[in-house]
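Enquirer: Okay, here's the structure, questions in a sec.
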Amino acid sequence: MAVEFAKRIARLPRYPAADSYGNAGELILLASNESPYPPLQEVREAIAAGLGELNRYPDPTNAALRRRLSERYDLPPEQIAIGNGSCDILLALGEALLEEGAELLYGWPSFSMYPHLAAASGARAIEVPLDEEDRYDLERIAAEVTVATRLVLICNPNNPTSTAHPRERLAAFLERIPTHVCVVIDEAYCEYNLLDGGEGALPLLEAHPNLVLLRTFSKAYGLCGLRVGYALCSSPRLVEALNQVRQPFFCNALAQRAAEEALNHVDQIAERVALTIAEREQMAGELAGDGLRVADSQANFCWLELPSHPELEPAELERRTVQRLLAQGVVVRAGSALGRAGYLRVTYGTAEENERFREALRTALAELLKKG
């Protein structure tokens, strides 16, 4: 007799990991929205200093890191949650808030982990299409809220489309949402968002007791490999509920040390962010000059629509384009894996990496549009 699994295992979608893992050779990695810059030297030194203490468990309260974040954002430490990346906190929110009979709302296409929350809990997911500018349709989402709604997710800037709403639109949206609904604004890319000067929705926390802001050290701070994220919560009760449903020691000791040290160097991080934004503007102009449409990016990546082809369906053109890019040593994400065929999501790398991508894309499209 075979092992019998829980029914939810059949419901859970697989996370669409990038194709670069396990490949040999030197590749230009533009698929996972990572920073092209390694951790700062001071951060590496802080990590090295903690190696001799790895026989001890990490601080399960994350006290030092929460204290540093409290100072940074002028928010009480008890309103700050730490996680093994912001995904850890997102999944814990689903476990704490959702169950059969409850409803979950989010835009689509959006972050690939969102469908996991409903699949794991048995809640009903309502996916609201993005608007014509590839942004979250806040009006339609607000109109879908019912007495059964427990959780609303707003990805801002949105992954994979890179688009964002300014804070005043989010404020107007929140005024329409009843307080029994927890609203999560996923701000993993807020440092790159020029609409609100990198501050994101932080000023809205005090006025909305049902609001959570998800953030991470993975992107702008360049700490993807250590997995450390955080949530700024309007209520300490939200933090307590998160910690109730998670395993102990959910953030490792080196990740905590690295994040604490990184917060000492926000000016240097801002300089790196500025380099990426400059690359973003240049690449957007060059791609537009090549006749390609890109969404209005407020993140460290672009959402690129491939041209139409007289014979190939969008998904097939996308697949062949990704293959040809990989053959030239450039790894990007296919839009089909992220919710929409005929698109590419491309992370902004260094100037040299971005130039390699543009040359490879021109070559790939020239071959495909000529040969079919």
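The values are calculated or read from the model by the stated rules, or taken from the named source; none is laboratory data. Predicted model, so just to flag it, every value in this text is computed and none were measured. So basically every Cβ, Gly included, is an ideal-geometry build from the backbone, and we count neighbours across all protein chains shown.
Enquirer: Tell me yes or no: at least one residue of segment 205-212 is modelled with pLDDT of 95 or more, under 21 Å from residue 298 (Cα atoms) and surrounded by fewer than 24 Cβ atoms within 10 Å (Cβ to Cβ).
Expert: No.
Enquirer: A further question follows. Report every pair of residues separated by at least 6 positions or lying on different chains whose Cβ atoms are under 7 Å apart, first residue within segment 226-240 and more than 15 Å from residue 151 (Cβ to Cβ) and assigned by TED's automatic domain parsing to the domain that holds residue 78, second surrounded by fewer than 24 Cβ atoms within 10 Å (Cβ to Cβ) and aromatic (Phe, Trp, Tyr).
Expert: Close Cβ pairs satisfying both conditions: 232/73.
Enquirer: Scan segment 241-254 for residues that are farther than 17 Å from residue 77 by Cβ and either outside the structural domain of residue 183 (by TED's automatic domain parsing) or not β-branched (Val, Ile, Thr) (or both) and jot them down.
Expert: 244, 246, 247, 248, 249, 252, 253, 254
Enquirer: Identify all residues within segment 143-157 that are β-branched (Val, Ile, Thr) and either buried (at least 21 other Cβ atoms within 10 Å of the Cβ) or assigned to a strand (DSSP E or B) (or both); write none if there are none.
Expert: 149, 152, 154
Enquirer: Only one of 160, 203 is over 25 Å from residue 100 (Cα atoms), in a loop (DSSP other than H, G, I, E, B), assigned by TED's automatic domain parsing to the domain that holds residue 103 and of a type outside the set (A, V, I, L, M). Can you tell me which?
Expert: 160
Enquirer: Continuing with this model, one more query. Read through the list (1) touching a Cys at 6+ places or on another chain (Cβ under 8 Å); (2) part of a loop (DSSP other than H, G, I, E, B), then give the number of the only condition that residue 208 fails.
Expert: Evaluating residue 208 over (1) touching a Cys at 6+ places or on another chain (Cβ under 8 Å); (2) part of a loop (DSSP other than H, G, I, E, B) leaves (1) as the failure.
Enquirer: Scan segment 243-258 and tell me whether some residue there is under 30 Å from residue 172 (Cα atoms), loosely packed, with under 15 Cβ neighbours inside 10 Å, more than 18 Å from the chain's Cα centre (by Cα) and free of Cβ contacts under 8 Å to residues at least 24 places away in the same chain.
Expert: no
Enquirer: Looking at 101, 122, 198, 94, can you tell me which residue is touching a Cys at 6+ places or on another chain (Cβ under 8 Å) and either farther than 26 Å from residue 277 by Cβ or not aromatic (Phe, Trp, Tyr) (or both)?
Expert: Of the residues listed, the single one that is touching a Cys at 6+ places or on another chain (Cβ under 8 Å) and either farther than 26 Å from residue 277 by Cβ or not aromatic (Phe, Trp, Tyr) (or both) is 198.
Enquirer: Can you name the number of the only condition in (1) buried (at least 23 other Cβ atoms within 10 Å of the Cβ); (2) over 17 Å from residue 105 (Cβ atoms); (3) not acidic (Asp, Glu) that residue 185 fails?
Expert: (2)
Enquirer: Here are 44, 56, 11, 72: which of them is in contact (Cβ under 8 Å) with a residue 60 or more places away in the chain, of a type in the set (Lys, Arg), more than 27 Å from residue 240 (Cα to Cα) and surrounded by fewer than 16 Cβ atoms within 10 Å (Cβ to Cβ)?
Expert: Of the residues listed, the single one that is in contact (Cβ under 8 Å) with a residue 60 or more places away in the chain, of a type in the set (Lys, Arg), more than 27 Å from residue 240 (Cα to Cα) and surrounded by fewer than 16 Cβ atoms within 10 Å (Cβ to Cβ) is 11.
Enquirer: Counting only residues that are part of a helix (DSSP H, G or I) and either surrounded by 12 or more Cβ atoms within 10 Å (Cβ to Cβ) or touching a residue at least 40 places away in the same chain (Cβ under 8 Å) (or both), which one in segment 166-181 is farthest from the chain's Cα centre (by Cα)?
Expert: That would be 172.
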